[in-house]
Amino acid sequence: MGGNKFHAKRTPCHQGHTHASGREAKRCNDLTLLARAGEISDLEQQPKFRFELNGRPIRHETGRAVIYTADFGYRERGKAIVEDAKGSYRDDAWRLRKAFFRAFYPDLELREV
């Protein structure tokens, strides 16, 4: 059967990026307008954050490094913001990623929209 476990459909935004969901594509459109208006800057898609302890990457059993990929990153009034477009459902994996992100990157603000 394939597809997303949350029934999200890959959706393009007005800038031509393909996003994991319609919610994420709409948010991309909104953030692009905010960037054009000068309300935010340095907008990036899919920024990646590695989890490291004492300079060494935390790894899965398979040896793959543990990485959190956010939907968007940008600066708002000089503050670094990381954003994830979420529906109403938050699974345990998301709660764990969010906790790790906040512990490893305390200077970045994580927003769920």
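The values are calculated or read from the model by the stated rules, or taken from the named source; none is laboratory data. Computed from a predicted structure; not experimentally measured. Here the Cβ is made from the backbone with ideal geometry for all residues, glycine too, and neighbour counts use every protein chain on show.
Give all pairs with beta carbons closer than 9 Å in which a residue from segment 1-18 that is of a type in the set (A, V, I, L, M) meets a residue that is modelled with pLDDT of 65 or more and part of a loop (DSSP other than H, G, I, E, B); count only pairs at least 6 apart in sequence or on separate chains.
Qualifying pairs under 9 Å: A8/A20; A8/S21; A8/G87.
Kindly indicate whether any position in segment 8-15 is of a type outside the set (F, W, Y), surrounded by fewer than 16 Cβ atoms within 10 Å (Cβ to Cβ) and out of contact with any Ser or Thr (no Cβ under 8 Å at 6 or more places or on another chain).
Looking through segment 8-15, none of the residues is of a type outside the set (F, W, Y), surrounded by fewer than 16 Cβ atoms within 10 Å (Cβ to Cβ) and out of contact with any Ser or Thr (no Cβ under 8 Å at 6 or more places or on another chain).
Looking only at residues that are within 20 Å of K26 (Cβ to Cβ) and of a type in the set (D, E) in segment 80-113, which one is surrounded by the fewest Cβ atoms within 10 Å (Cβ to Cβ)? Let's see the steps before the verdict.
From segment 80-113, those within 20 Å of K26 (Cβ to Cβ) are 81-90, 94, 110-113; that's our starting set.
Restricting the remaining residues to those that are of a type in the set (D, E) gives 83-84, 112.
Working: E83: 20, D84: 19, E112: 12.
Looking at the filtered set, the residue picked out is E112.
Write out, first by first residue and then by second, each pair whose Cβ atoms fall under 7 Å of each other, whose residues are 6+ apart or on separate chains, and whose first residue, in segment 61-88, is more than 13 Å from F100 (Cβ to Cβ) while the second is aromatic (F, W, Y).
As it stands, the answer is I81/Y74; E83/F72; G87/F6, since those pairs meet every condition given.
Applying the selection to segment 36-65, what residues are of a type in the set (D, E, K, R), more than 21 Å from A80 (Cβ to Cβ) and part of a loop (DSSP other than H, G, I, E, B)?
Step one: of segment 36-65, the residues of a type in the set (D, E, K, R) are 36, 39, 42, 44, 48, 50, 52, 56, 59, 61, 64.
Filter once more, so that each one left must be more than 21 Å from A80 (Cβ to Cβ): 56, 59, 61, 64.
Within segment 36-65, E61, R64 meet the criteria.
State whether one or more residues within segment 32-51 are surrounded by 13 or more Cβ atoms within 10 Å (Cβ to Cβ), in contact with a Cys (Cβ under 9 Å, 6 or more places away or on another chain), over 20 Å from L110 (Cβ atoms) and at pLDDT 95 or above.
Yes, segment 32-51 contains a residue that is surrounded by 13 or more Cβ atoms within 10 Å (Cβ to Cβ), in contact with a Cys (Cβ under 9 Å, 6 or more places away or on another chain), over 20 Å from L110 (Cβ atoms) and at pLDDT 95 or above.
Just one of the numbered conditions (1) under 22 Å from A93 (Cα atoms); (2) of a type in the set (S, T, N, Q); (3) in contact with a strand residue (DSSP E or B) (Cβ under 9 Å, 6 or more places away or on another chain) is not true of T62; which one?
It is condition (3) that T62 fails.
Among what's in segment 66-77 and is part of a strand (DSSP E or B) and of a type in the set (V, I, T), pick the residue that is farthest from R111 (Cα to Cα).
Here the residue is I67.
Could you go through segment 72-86 and let me know if any residue there is touching a Phe, Trp or Tyr at 6+ places or on another chain (Cβ under 9 Å) and more than 23 Å from H17 (Cβ to Cβ).
Among the residues of segment 72-86, not one is touching a Phe, Trp or Tyr at 6+ places or on another chain (Cβ under 9 Å) and more than 23 Å from H17 (Cβ to Cβ), which makes the answer no.
Would you tally the residues in segment 99-113 being under 11 Å from A70 (Cβ atoms) and out of contact with any Asp or Glu (no Cβ under 8 Å at 6 or more places or on another chain)? Steps first, please.
In the first step, residues of segment 99-113 are kept if they are under 11 Å from A70 (Cβ atoms); the result is 101, 105, 108, 110-112.
From the residues that got through so far, the ones that are out of contact with any Asp or Glu (no Cβ under 8 Å at 6 or more places or on another chain) too are 101, 105, 108.
Number satisfying all stated conditions: 3.
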